[in-house]
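Have a look at the structure below before the remarks.
The values are calculated or read from the model by the stated rules, or taken from the named source; none is laboratory data. None of these values were measured; they are calculated from a predicted model. Backbone-built Cβ (ideal geometry, glycine too); neighbour counts: all protein chains shown. Surface areas here come from the heavy atoms of the whole protein model, side chains and all, with no ligands, DNA or RNA. Shrake-Rupley method; radii C 1.70, N 1.55, O 1.52, S 1.80 Å.
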Amino acid sequence: MEEAEEDQRRRLKLEEALEIQSLRRIISAYLNYPDAAEEDVRRNERSYRKLPPSHKALLSQYPQKFQRLRWCISMNTHFIFSMLQDADFSEDPHPESAQKDHLVSEGISACSCESAPVRITCSVSDQHCCVEGSNHTCRSQAQMHSNEEVGIESRHQSNTGNHSPRLIHTKETREYCGSPIADSKGNVPDTSSQQQWLAPSLKLNVPLVDADKVRCIIRNIVRDWAAEGKKERDQCYNPILEELNMLFPNRSKESPPACLVPGAGLGRLALEISCLGFISQGNEFSYYMMICSSFILNHSQTAGEWTIYPWIHSNCNSLSDSDQLRPVSIPDIHPASAGITEGFSMCGGDFVEVYSDSSQIGAWDAVVTCFFIDTAHNIVEYIEIISKILKDGGVWINLGPLLYHFADMYGQDDEMSIELSLEDVKRVAFHYGFEFENERTIETTYTANSRSMMQNRYFAAFWTMRKKSAAVQQQVP
């Protein structure tokens with residue numbers, strides 16, 4: 001008995017260390033954003049300097065463009081550092097108040113649905129809330145569309161009592177590693193002093209793939225929280241919202257239906273569902289996503305508060321420099337003033353681990369999956385869990401392709417990846433008690449640059465399935 005308890009303690013300690021290491025790597029990826037972006041500009045400058053004089057003369061605007069790129073990088077960095085400063089990174093491995101069932105509180109909150117050794121806490125009025133989760137990988141737009149370890153891709157709280165000292169300090173940063181930070185009016189202060197506002201242990205060297213995840217987050221912000229992303233949201237979110245509105249016509253304010261949104265990313269779809277009159281909970285696996293969604297949902301003061309430059313990191317397929325360098329204002333709405341239903345929350349954690357808990361059985365009236373089901377190692381397990389957590393007669397609304405997240409993960413300890421055809425997905429769903437009510441194909445994009453010469457389009461499967469009652473399922477041969 002004592003030996004088993006000791007093994008359990010060692011396992012928990014190892015998991016805690018891995019979670020802390022993972023979180024620090026993600027924070028470092030954000031903090032390394034200006035350095036990685038600056039290196040891209042310098043690479044372009046080196047290529048320009050190799051041109052013969054006659055060719056340079058044809059491209060005389062390039063030196064000015066490089067400086068404009070640096071200014072855009074400083075604006076993006078200002079947003080990222082402000083986001084990190086408003087987060088409280090704590091190491092409290094055993095909070096007594098950690099809950100496994102979905103929690104609700106006033107306003108916009110995020111709940112911890114699974115105890116984890118590291119939590120990201122944020123302030124909501126007088127409340128403190130925590131987000132838990134871990135990271136997974138974000139692939140390029142052409143390869144991967146959903147929960148990045150973005151997570152956003154991607155993706156994003158309960159009272160935790162006293163915390164250990166904060167690792168991120170709120171001291172204002174004017175310059176970071178030589179990249180000036182713009183103020184709230186977009187001005188870049190002329191300062192040569194460098195202020196270090198974070199614990200040095202968090203500033204780690206990270207691989208380039210981690211830096212690319214941060215860029216994925218910036219593109220996802222446009223999709224969920226910018227006017228420029230409205231067309232894409234209309235393509236993906238409106239069919240889901242219309243279906244929910246039709247299927248639950250008599251929603252009661254006293255007892256609103258409960259809807260779960262796995263793979264919620266930066267939280268816009270979950271918020272829109274809440275505004276329809278549902279108790280809505282978004283679930284997101286990725287710390288990258290959760291840090292950003294928490295900032296936008298909890299700390300935005302007004303619409304259009306921030307300006308970012310999401311398209312500066314690619315020189316390919318641009319119609320003009322002005323298109324590449326165009327600003328995007330975020331958020332397009334003030335989340336706290338959007339008219340949410342009480343109980344709206346964001347839950348950080350792995351979908352399988354969180355919602356396999358017995359407390360989740362039959363807990364939800366609806367489950368909405370948008371660009372999510374192909375993030376599974378085992379899509380059969382996803383479908384089984386969705387069936388278990390739905391009430392009898394509950395609905396599963398899905399929109400997305402089948403671009404399996406782990407399909408090309410070669411050489412990584414033989415990652416499990418079950419890659420079913422759409423026909424097989426339907427067959428498995430039928431086995432777990434679902435029957436089709438609505439099905440069609442929807443053409444859409446994912447985090448696309450609307451002014452790019454290249455557009456990756458999906459012919460996404462859209463369906464509504466209803467879970468048959470246990471009695472009806474038993475009658476099926």
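Set side by side, the residues ASP374, ASP365 differ, and just one is under 19 Å from GLN281 (Cβ atoms), of a type in the set (D, E, K, R) and surrounded by 15 or more Cβ atoms within 10 Å (Cβ to Cβ), which is ASP365.
Of all residues in the range 271-289, those being open to solvent by less than 10 Å² (accessible area, probe 1.4 Å) and part of a helix (DSSP H, G or I) number 6. Scanning the range 19-74 for residues that are assigned to a helix (DSSP H, G or I), over 27 Å from VAL209 (Cα atoms) and small (Gly, Ala, Ser) returns SER54, ALA57. Filtered by the rule that a residue be in a loop (DSSP other than H, G, I, E, B) and within 25 Å of ARG451 (Cα to Cα), the range 202-248 gives a lone residue, ALA226.
Just a yes or no: is a residue in the range 284-303 within 30 Å of ASP392 (Cβ to Cβ) and touching a Gly at 6+ places or on another chain (Cβ under 7 Å)? Within the range 284-303, one or more residues are within 30 Å of ASP392 (Cβ to Cβ) and touching a Gly at 6+ places or on another chain (Cβ under 7 Å). Confirm whether LYS391 is open to solvent by less than 60 Å² (accessible area, probe 1.4 Å), among the basic types (Lys, Arg) and on the phi < 0 side of the Ramachandran plot. No, not satisfied. Taking the range 21-36 as the range and being within 17 Å of ILE308 (Cβ to Cβ) and surrounded by fewer than 19 Cβ atoms within 10 Å (Cβ to Cβ) as the test, only ALA36 passes. Count of the range 349-403 residues, restricted to those that are part of a helix (DSSP H, G or I), polar (S, T, N, Q) and closer than 23 Å to MET246 by Cα, is 1.
Selection over the range 432-456 of residues that are over 24 Å from the mean Cα position of the chain (by Cα), of a type in the set (S, T, N, Q) and under 18 Å from ASP234 (Cβ atoms) gives a count of 1. Are any residues in the range 249-270 touching a strand residue (DSSP E or B) at 6+ places or on another chain (Cβ under 7 Å) and not in a strand (DSSP E or B), and if so, which ones? The answer is PRO256, PRO257, GLY263, ALA264, GLY265, GLY267, LEU269, ALA270.
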